[in-house]
Each structure stands twice: as structure tokens, then as C-alpha cells.
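Remarks on the structure that follows.
Every number here is computed from the coordinates shown, using simple stated rules; none is lab data. Source: prediction; values computed, not measured. Reconstructed Cβ throughout: ideal geometry from the backbone, glycine too, with neighbour counts over all protein chains shown.
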Amino acid sequence: MPDLGKMLDVVAERLIAHAEELTALDSAIGDADHGLNMKRGFEAVLADKVNILAKPLPEALKAIGMTLVMKVGGASGPLYGTLFMTLGKELPAEPSLADAARALTAAVEAVKARGKADFDNKTMLDVLGPVARHLGNGSATFDSVRKLAHDRAEATVPMKAIKGRASFLGERSIGHMDPGARSSELMITAICDGLEDKG
Amino acid sequence: MPDLGKMLDVVAERLIAHAEELTALDSAIGDADHGLNMKRGFEAVLADKVNILAKPLPEALKAIGMTLVMKVGGASGPLYGTLFMTLGKELPAEPSLADAARALTAAVEAVKARGKADFDNKTMLDVLGPVARHLGNGSATFDSVRKLAHDRAEATVPMKAIKGRASFLGERSIGHMDPGARSSELMITAICDGLEDKG
Amino acid sequence: MRANDKVGIVIVSHSPDVARGTADMVRQMVGEDVPLGYCGGNPDGGLGTDVAKILKAIDEAWSEKGVAILVDLGGAETNSEMAVEMLDPERQGKVVICNAPIVEGAVMAATEAWGGASLEDVRRTAEELSPQ
Amino acid sequence: MRANDKVGIVIVSHSPDVARGTADMVRQMVGEDVPLGYCGGNPDGGLGTDVAKILKAIDEAWSEKGVAILVDLGGAETNSEMAVEMLDPERQGKVVICNAPIVEGAVMAATEAWGGASLEDVRRTAEELSPQ
Ligand SMILES: Nc1ncnc2c1ncn2[C@@H]1O[C@H](COP(=O)(O)OP(=O)(O)O)[C@@H](O)[C@H]1O
Ligand SMILES: Nc1ncnc2c1ncn2[C@@H]1O[C@H](COP(=O)(O)OP(=O)(O)O)[C@@H](O)[C@H]1O
Ligand SMILES: [Mg+2]
Ligand SMILES: [Mg+2]
Ligand SMILES: [Mg+2]
Ligand SMILES: [Mg+2]
């Protein structure tokens with residue numbers, strides 16, 4: 001089973017290392033805080049790591065989600081929080097790849113409901129949704145997942161934002177990558193890197 | 001010709017003496033500041049008295065109006081300010097009663113326009129309008145004007161507010177006197193008292 | 001009992017200043033008679049919202065007659081929804097988030113609450129608000 | 001010239017805190033690129049509005065492309081109208097008071113202004129605002 005402590009380190013490190021980039025993306029079509037928000041959230045997760053790792057996987061994921069909800073401070077907080085909490089609710093203690101695909105699909109649905117959003121609204125969902133579907137089709141490799149996450153984040157560039165602050169820009173949101181799509185890509189890529197390094 | 005300095009003293013004194021009452025009326029159906037606002041405005045008028053009295057009547061009235069606009073701080077500021085400024089625009093230097101009636105009628109129209117309001121909206125207009133009409137019919141006495149102002153202020157009690165903050169209360173504005181109607185009554189009564197004392 | 005015979009109002013802004021100033025405006029209209037809670041700012045105090053502070057504000061404004069929450073932009077709404085879901089189940093049903101502008105909506109909602117209106121009426125008044 | 005290629009935004013609240021906080025939220029969205037002025041409070045600093053402060057805020061936000069004013073409640077609107085009428089005649093025609101909620105409207109209007117929109121478009125965007 002993958003080492004959750006290591007996964008947390010890798011994901012948190014990645015997001016924190018890219019905080020300025022995320023904030024710069026949010027500066028173009030939002031309020032210039034997405035990197036700061038993710039950093040605040042994942043620093044709080046790291047600070048709570050001992051406590052989190054003492055729990056079985058489902059409970060640990062719920063604790064991560066709750067920490068993000070409480071600490072991120074932006075719309076991404078309840079959204080990523082809901083993602084992790086739903087994963088915690090859906091995953092067994094020792095999940096298979098099929099379990100992961102199913103849980104992620106459920107978590108993406110929960111994020112959609114939380115944000116009253118749909119795919120193609122230029123949000124994190126445009127990375128998370130395709131990755132969930134790809135994991136479900138059985139042929140996923142670390143490389144294919146990384147590539148898909150990357151491509152779907154890029155694919156938000158020409159989209160017009162329908163949800164979140166970027167939607168205030170209307171047509172002018174076109175031409176910029178969605179910051180939440182990029183943070184989702186970073187998380188997914190970090191998890192692939194961590195798992196691959198492990199396995 | 002009536003002594004403008006004395007009129008100013010009488011009106012300002014009267015409003016300042018009744019500031020707490022006006023604020024209490026505004027507390028029931030508004031934001032509890034009408035007395036404070038009128039006091040601030042007329043204290044500023046008194047502070048500027050030497051300057052005001054150095055001008056011919058029309059310019060003096062405009063200066064009073066401008067001071068109210070600048071100092072009152074509430075909706076009543078631009079409304080009473082408009083009233084006095086219009087009087088200044090409409091009155092000759094040595095007005096007759098007929099001039100006063102015509103000018104007040106014009107000033108009431110200007111206040112209506114400024115406040116986008118009409119009669120029976122439960123505002124100062126419900127005192128100012130009837131008094132203007134009454135002055136125009138030629139038979140007005142100090143007593144009849146005072147009585148009319150008093151009665152029209154009382155008549156705002158059963159009205160439902162359509163304009164101003166009291167309108168937020170909807171039906172619950174019924175049963176309270178409008179603070180601006182009361183301050184208009186106080187001003188008109190003070191002017192009658194001052195003029196009568198004089199002549 | 002005072003706190004329970006009128007619907008409570010909660011103000012959730014991205015800005016602590018907006019939240020405080022809106023609360024001042026509400027207090028000026030309705031005095032101390034309406035239970036009121038407010039908060040703004042992310043957990044570091046910057047612009048954003050904080051679920052813990054929202055929960056505290058709901059607690060401060062608690063009324064058995066219900067609580068109406070006014071929010072400004074998206075994140076304030078989503079974080080408020082999150083906070084509501086964290087309440088005891090019997091409290092959840094008594095809290096609504098109004099689809100109304102934060103400042104104007106809070107003043108209108110509080111004025112309605114002050115008159116003893118039900119939670120549904122408080123919400124409707126805030127939501128019907130067309131900027132005058 | 002920077003100040004002249006985008007419509008300016010003015011925020012007029014009864015509360016100095018609401019005005020300042022709204023300005024912070026606007027700055028967070030659009031940075032320093034949009035001319036911005038704000039004020040709140042009566043001439044004594046209490047809740048209310050002050051024509052002199054409004055005139056100063058319009059001056060600070062001045063842009064040849066126009067200025068959109070966002071207000072909260074009635075008195076703020078009437079005092080803003082008064083202030084606009086006191087401007088030089090050639091400035092008057094370039095100032096509009098938006099019939100929109102102050103916080104949400106200011107953020108939307110500023111975002112639109114930031115994109116280079118005309119005064120009419122800035123106003124329309126703020127006024128179309130249905131709380132999301
Ligand atoms: N309603 C929503 N549904 C899904 N995702 C959303 C929604 N609103 C915002 N997001 C995502 O959150 C990101 C912004 O997060 P962040 O900047 O941290 O929050 P905020 O917008 O409150 O400042 C966006 O780039 C987008 O991916
Ligand atoms: N739109 C309006 N038209 C006419 N009179 C109005 C209007 N709005 C308010 N008023 C008058 O002003 C009075 C309130 O003045 P005040 O309390 O000083 O201002 P504010 O309502 O801004 O606190 C009301 O009682 C009413 O008579
Ligand atoms: Mg952001
Ligand atoms: Mg934010
Ligand atoms: Mg008042
Ligand atoms: Mg007032």
C-alpha cells in the first residue's frame with residue numbers, strides 16, 4: 001500500500017513550490033490568492049501530519065479534507081476539502097486501482113455539487129473529471145495520467161469561465177489557464193511521481 | 001423685510017432643541033440619526049452666519065442650502081439643501097408673500113425630483129407640499145400655517161413609507177411619525193414664530 | 001429569550017472591514033434587538049473567508065427562529081454552505097444562505113427580522129431586493 | 001495616461017469600513033490598473049455620507065473614460081447625485097451612479113473596467129448583477 005505520509009509530503013511540497021505560479025495564474029483571472037490559499041492549506045495539513053497518519057486511510061483522507069476546508073480560505077478550500085472528504089468516505093482502508101477510480105469519480109461529483117459547477121466551466125473539475133474517467137478505463141499508466149492532467153489543465157486556457165471569480169471576466173477569461181486546474185494537475189502529477197518512485 | 005439672522009437663529013435653535021426627539025422618531029423607523037443630522041447641519045449654518053448674512057437674500061438662501069448639503073450627512077441633507085437652494089434661486093431680494101408661495105412650490109418640486117419621491121410617501125414632502133399650497137391660496141395666517149404643518153406631520157403617522165429608509169419597514173412603518181415631516185413642521189413653526197414676533 | 005424571538009443575521013464577507021461596517025449599519029437600523037454575527041477574512045486575516053469564524057458567527061447570531069446568512073462573493077458562499085453542513089442536524093434546517101447583496105441585503109434582512117418576521121420572510125425580503 | 005485608459009470606480013458607503021474593505025476587494029481583483037476612489041461616513045465620521053468626500057473620491061478616480069459610482073443605501077445615492085451636479089459640466093456627463101449592490105457591483109464594475117470596457121458597459125455589468 002502506498003505510503004500516505006510520503007504522498008502528503010510530495011503533494012504539499014509540490015504545491016508549495018508552485019505557490020507563486022498559482023498565484024500568478026489567479027492574478028490574471030481572479031484575486032491573486034490561489035497559491036497562497038493552497039500553501040496555507042497544505043502547510044496546515046503537514047502541521048497535522050502525525051495526527052493524520054495515526055488514522056486508517058479513510059479517516060486520514062477525511063482529516064485532510066477537513067483541514068483544507070478550515071484553512072484554505074478561498075473557494076478552493078471547500079472544493080478540495082470536499083474532494084478529500086469524499087475520497088475518505090468512498091475508499092476502503094486498502095484500496096485497489098478500481099476502488100480509487102470509483103472513489104475519485106464520486107469525489108468529482110461531490111465537488112461539482114459543492115461548487116454548483118459542471119465540466120467545461122474552466123475549473124479544477126476539467127482536470128479532476130477526465131483523470132477520474134481515465135483511471136476507470138483500466139489502461140492508465142503513471143505517464144498517461146500525468147500527460148492527461150497536463151493536457152486537461154492546458155485545455156482550460158481557451159475556455160470561458162462560467163464559475164468562480166474568473167467568470168466575472170466573461171470573454172476576457174479566455175486565454176489564461178485556470179489556477180485550480182493547474183493545482184489539480186500539480187497534485188495528480190505529484191501523486192504519480194510519489195507512487196512511481198515507491199513502486 | 002424679515003430679519004434673516006433672527007430667522008436662522010430661531011430655526012436652528014428649534015431644531016437643535018428637538019434633536020433628540022427627531023432622532024427618537026428616526027430610531028423607530030430609520031437609523032436614529034435625523035436629529036443629529038439636522039443639528040450638525042444647522043450648527044454649521046450658524047457657524048457660517050456672518051458670511052451668510054453678508055449676502056443678498058437669494059444668495060444667502062443658496063449658501064444655507066449648500067451648507068446643509070455639505071454637512072447634514074444623511075438623505076435629508078441634499079433634500080433640505082435643495083429646498084433652500086431652490087428658494088434662493090426663485091425668490092427676489094425683497095419677496096412678497098406671493099413670491100414666497102411660488103418659490104416654496106418650486107422648491108417642493110425640486111425636493112420631489114431630488115428624492116424621486118411624491119406626496120403621501122411619508123416624508124418631509126407631506127408637510128412642505130401642503131404648506132406651499134396653503135401659502136398660495138392667499139388666506140394663510142401664522143396660526144393656520146402652524147396648524148397645517150402640525151396636522152400634516154401628524155398625518156404621516158398612519159402612512160406607509162414608500163421612500164427613504166423607513167420604506168424598508170414596509171407595513172411596519174405605519175403608526176410612526178416621519179422624522180423629516182416633523183423637522184419640516186419644526187422649521188415652519190419656528191419661522192412663523194419668528195416672523196410673528198417681529199411683525 | 002430576547003435572542004430567540006427574532007431571526008438572527010450573519011454577515012460573511014471576504015473583508016473583515018466590510019463585515020464590521022455592515023454590522024454597524026445593521027445595528028444602526030435595528031439596535032441590539034436582532035441577534036447578529038459577522039466575520040470576514042481568511043484564517044490568516046487576509047481577504048477570504050474562514051469556516052471556523054463563520055461557525056462562530058452563526059453561534060453568536062443563533063436564534064431558534066432561524067438564522068439568515070448574507071455573503072458577498074463565491075468563496076464566502078461556498079464556505080458558508082460548508083459551515084452550515086457542519087452544524088448539528090437540528091440547527092441546519094434553521095439556517096439559510098440568502099441570494100442577496102451583502103450590505104443592502106443585511107440591512108433589509110435585519111429590518112425584516114426586527115419586525116418579527118419568519119426566516120422565510122426575512123430571506124424573501126433580502127432576495128427580492130432590487131437595488132433602489 | 002494610465003489613469004485615463006480605464007473607467008474609474010468610486011465606492012460611496014455609509015460606513016467608512018465598508019468603503020475601505022470594498023476597495024481592498026477591488027484592488028485584489030484588478031490591482032492598481034483601475035482608478036479607484038472611495039469614501040464613507042458623514043462629516044463627523046459617523047455612519048452617513050459626505051458630499052465633500054464624494055467629490056474628492058471622484059477626483060481620485062478620475063478618468064477621461066468616465067467614472068462609475070457604486071453606493072449602498074438611499075442617502076449615499078442622493079448625496080452622490082448632489083456631488084455629481086457640483087462637478088464641472090464637462091465632467092458631469094462622464095459620471096454615472098450605478099443601480100447595483102455596492103460590494104458585488106464594485107468588484108464586477110472594476111473587473112469590467114480593467115478589461116477596458118466603456119462606461120456604459122461597466123455600468124451595465126454592475127447593474128445586470130444578479131447575486132450568483
Ligand atoms: N464553483 C466552483 N466550482 C468548481 N471550481 C471552482 C469554483 N469556484 C472556483 N473554483 C476553482 O477554484 C479556483 C480558485 O481558487 P482560489 O483562488 O483559492 O479561491 P477564490 O476564488 O475564492 O479566491 C478556480 O481556479 C477554480 O478552479
Ligand atoms: N427620497 C426621499 N424623498 C423625500 N424625503 C426623503 C427621502 N428619503 C428620506 N427623506 C426624508 O428624510 C428623512 C430622513 O432623514 P435622515 O435621517 O437625516 O437621513 P437618512 O435617512 O439618510 O438617515 C425622512 O424622515 C424623510 O422625511
Ligand atoms: Mg483566488
Ligand atoms: Mg480569494
Ligand atoms: Mg436617518
Ligand atoms: Mg442616516
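Here is the link list: A:LYS89/A:LYS112; A:LYS71/C:LYS6; B:LYS163/C:LYS94; A:LYS55/A:LYS147. Which ones come out longer than 24 Å on Cα distance?
Numbers: A:LYS89/A:LYS112 16 Å; A:LYS71/C:LYS6 32 Å; B:LYS163/C:LYS94 32 Å; A:LYS55/A:LYS147 32 Å.
A:LYS71/C:LYS6; B:LYS163/C:LYS94; A:LYS55/A:LYS147, as the Cα separations exceed 24 Å there.
Taking every pair of alpha-carbon atoms in the stretch A:1-98, give the share separated by more than 21 Å as a whole percent.
Summing the P(r) tail past 21 Å for the stretch A:1-98 gives 32 percent.
Normalise the Cα radius of gyration of the protein assembly as shown by 2.2 N^0.38 Å (N = residues in it) and let me know the number.
So the Cα radius of gyration is 1.14 times the expected 2.2 N^0.38 Å.
Which value, in debye to the nearest 20, gives the size of the charge dipole of the stretch A:136-199 about its Cα centre, when Lys and Arg are +1 and Asp and Glu are -1 at the Cβ?
Values: 9 positive and 9 negative charges, 72 e Å.
Roughly 340 debye, rounded to the nearest 20.
Roughly how far apart, in whole Å, are the Cα centres of the stretch B:78-95 and the stretch D:1-54?
After rounding, the separation between the Cα centres reads 32 Å.
Take C:LEU36, B:LEU4 and order them by how many other Cβ atoms sit within 10 Å, fewest up front.
Final ranking by Cβ density, sparse to dense: B:LEU4, C:LEU36.
With θ taken as phi - 60° and the coefficients 6.51, -1.76 and 1.60, list the Karplus ³J(HN,Hα) couplings across the stretch B:101-116 in order, rounded to whole Hz; mark glycine and proline as x.
5, 5, 5, 5, 4, 5, 5, 5, 4, 5, 5, 4, 5, 4, x, 6
Could you check the spin-label model distance between A:PHE142 and A:ASP197? Points 7 Å from the Cα along Cα→Cβ, value in nm.
1.0 nm
Assume the label is 7 Å from Cα along Cα to beta carbon: what separations in nm does C:GLU60 have to the matching positions in the other copies?
Nearest to farthest, the other copies are at 2.7 nm.
Whole Å is fine, so just give me how far the alpha carbon centre of the stretch B:99-118 lies from that of the stretch A:1-29.
A separation of 65 Å, based on Cα centres.
If we restrict to alpha carbons, what Rg and Dmax does the stretch A:44-199 come to, in Å?
15.4, 47
Taking the simple approach of a point 7 Å from Cα along Cα-to-Cβ for both A:GLU94 and D:ASP59, what is their distance in nm?
Calculated label separation equals 7.7 nm.
Under a 5 Å amide H to amide H cut-off, with H placed in plane at 1.01 Å, what residues pair with D:VAL67 once short-range neighbours are removed?
Amide H neighbours of D:VAL67, under 5 Å, 5+ apart: D:GLY8, D:VAL95, D:VAL96.
Hey, can you grab everything whose amide H is under 5 Å from the amide H of D:ILE11? Only 5+ residues off in sequence or another chain; H modelled, so Pro and N-termini drop out.
D:GLY37, D:TYR38, D:CYS39, D:LEU70
Starting at the first residue of the stretch A:135-145, write each ³J(HN,Hα) from the Karplus equation 6.51 cos²θ - 1.76 cosθ + 1.60 with θ = phi - 60°, in whole Hz, x for Gly and Pro.
4, x, 8, x, 9, 5, 10, 4, 5, 5, 5
If amide H atoms are built 1.01 Å from N in the plane of the peptide, which residues on other chains or at least 5 residues away come under 5 Å of the amide H of D:LEU47?
D:ASN42
Apply the Karplus parameterisation 6.51 cos²θ - 1.76 cosθ + 1.60, with θ equal to phi minus 60°, to every residue of the stretch B:28-37 and state each ³J(HN,Hα) to the nearest whole Hz, in sequence, with x for glycine and proline.
Calculated HN-Hα couplings, in order: 6, 10, x, 10, 6, 9, 4, x, 4, 5 Hz.
Which one, B:ASP33, B:ASP48, B:ASP118, has the greatest fluctuation when you compute a Gaussian network model over chain B with C-alpha springs under 10 angstrom?
B:ASP48
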